[in-house]
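The structure appears right after this line, and notes come after that.
The values are calculated or read from the model by the stated rules, or taken from the named source; none is laboratory data. Keep in mind that what you see is a predicted model, and the values were worked out from it rather than measured. Neighbour counts are summed over all protein chains in view; Cβ atoms, including those assigned to glycine, are modelled from backbone coordinates with ideal geometry. We work out accessible area using only protein heavy atoms, side chains counted, and drop any ligands, DNA or RNA first. Shrake-Rupley method; radii C 1.70, N 1.55, O 1.52, S 1.80 Å.
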Amino acid sequence: MPNILDGGDVEPLRLPPSLDVNPLQLFNIAKSEKRPLFASAPMLAFRQTVAEYGVDLTWTPMILAKEFNRSLFARDSDFTLAPNQPPTIVQFGCNSPLELSRATTLIAPYVNGIGINCGCPQSWACAETLGAALMHKRELVAEMVKEAKASLEREGFKDKKTVSVKIRIHRDLRETIDFIKTVENAGVDFITIHPRLRSTPSSIPASTEALTLLNSHTRVPTISNCDIFSLSSALSHYAATKVDGVMSARGILENPGMFFRPNSTSSYGIDKSQPAQDTGCTWDVVETFMNKVAIAPIPFKLVVHHLSEMTGTDRTQKGKTLLSKDERGILMECKNFCEVVDFLDEVRSENGGLRREMEGHEENEILK
């Protein structure tokens with residue numbers, strides 16, 4: 001625990017330097033640069049990719065704390081990090097303060113913070129009193145916040161790592177305000193708000209009015225998870241709602257480079273001092289993703305899904321995608337990662353094939 005990926009070489013355990021970063025420091029940096037904190041929530045290789053294109057803070061998928069505590073297989077399959085992992089919040093599905101305390105103790109050395117998922121709308125989660133079902137159990141969530149904070153303190157991580165919650169909203173926003181105040185009093189460090197009801201489909205726009213109201217009642221930093229599909233929409237949303245950060249899910253799946261600003265560099269992403277430029281996903285982003293996957297593999301079906309999203313969606317309305325409809329059909333028929341590499345090499349033949357990154361690999365290319 002955990003599974004530390006090192007590109008295939010057997011060497012001593014190396015923890016990411018990003019683990020020294022308290023997420024609250026990232027909020028302060030973003031504020032000093034007069035911009036929102038940029039956040040996303042994808043898989044391992046995807047977290048590394050988006051961190052190279054402007055994302056400050058990443059999340060894991062929801063991990064069930066009870067199974068995580070009891071099963072070595074669950075720990076190995078649900079949580080993996082790499083030596084260059086960006087600042088990461090582990091997101092737990094949990095309804096027991098004791099289970100969250102145990103899970104926090106296990107994983108605290110390897111993440112930047114603990115997140116409690118109170119937003120997942122799926123029926124199976126709510127049936128188990130997880131996810132959005134917890135929006136009606138604010139005192140329970142407050143107890144989990146307290147236990148997670150106490151566990152971090154016992155492990156020597158007080159003021160070094162955070163405890164946060166990700167929430168949805170109630171039909172009566174006074175209930176949501178009460179929820180926020182309750183978890184704030186319990187010591188939560190920041191809150192991510194998805195301004196939809198549990199029953200509201202993603203096809204219906206999130207309520208920026210509700211978000212703005214809730215943010216005005218919040219004492220801790222607030223991240224908005226609210227239909228962000230481009231850098232310009234993120235910045236205008238930030239200006240309109242006065243939140244401290246913006247999170248993208250569907251938008252960043254389609255374009256992992258959506259928060260990128262050209263000619264900017266930093267340790268874990270980029271200094272966003274350049275003007276916002278909305279573009280679709282580029283081949284540079286796809287090639288970065290492919291090289292990350294070669295080092296830190298994820299399930300093949302997920303690789304194809306990510307590539308399909310990146311190469312087949314054009315929200316910029318410029319009428320151009322990286323792959324044609326027929327080419328995407330060929331991509332979906334690939335049986336393994338090598339076939340995908342060969343296919344994309346052929347597509348990129350005029351540019352010499354996919355870019356190969358040699359860092360840390362002296363003799364062999366990563367993408368063979």
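Which part of region 216-241 falls in the paramagnetic zone of GLU153, meaning amide N under 18 Å from the point 7 Å along Cα-to-beta-carbon? Hits in region 216-241 for GLU153 at 18 Å: none. For LEU64, the residues whose modelled amide H falls within less than 5 Å of its own, excluding neighbours fewer than 5 places apart on the same chain, are GLY93. Please determine, in degrees from 0 to 90 and to the nearest 10, the orientation of helix 173-186 with respect to the longest principal axis defined by the Cα atoms of the chain, where the helix direction is its Cα long axis. Approximately 90 degrees, to the nearest 10.
Over the chain, what is the percentage of antiparallel beta bridges among all DSSP beta bridges, to the nearest 5? Walk me through the intermediate numbers first.
Details: 1 of 34 bridges.
Expressed as a percentage, antiparallel bridges in the chain total about 5.
The heavy atoms of LEU354 present about 10 square angstrom of accessible area, all protein chains included, probe 1.4 Å. For the chain, the equivalent ellipsoid derived from the alpha-carbon gyration tensor has semi-axes of 33, 24, 19 Å in decreasing order. Between ALA239 and ASN336, full extension at 0.36 nm per residue minus the direct alpha carbon distance yields a gain of 30.5 nm.
The distance from the alpha carbon centre of region 94-148 to that of region 17-87 is 17 Å, rounded to a whole number. Computing FRET efficiency as 1/(1 + (r/R0)^6) for GLU350 and ALA249, where r is the C-beta to C-beta distance and R0 is 30 Å, gives about 0.35. Ligands, DNA and RNA aside, LEU213 has an accessible area near 70 Å² when probed at 1.4 Å.
Charging the Cβ of each Asp and Glu at -1 and of each Lys and Arg at +1, and nothing else, the dipole of region 283-349 about its Cα centre rounds to 280 debye. Note on surface exposure: ARG355, ARG250, ARG261 rank ARG250, ARG355, ARG261 by accessible area, highest first, 1.4 Å probe.
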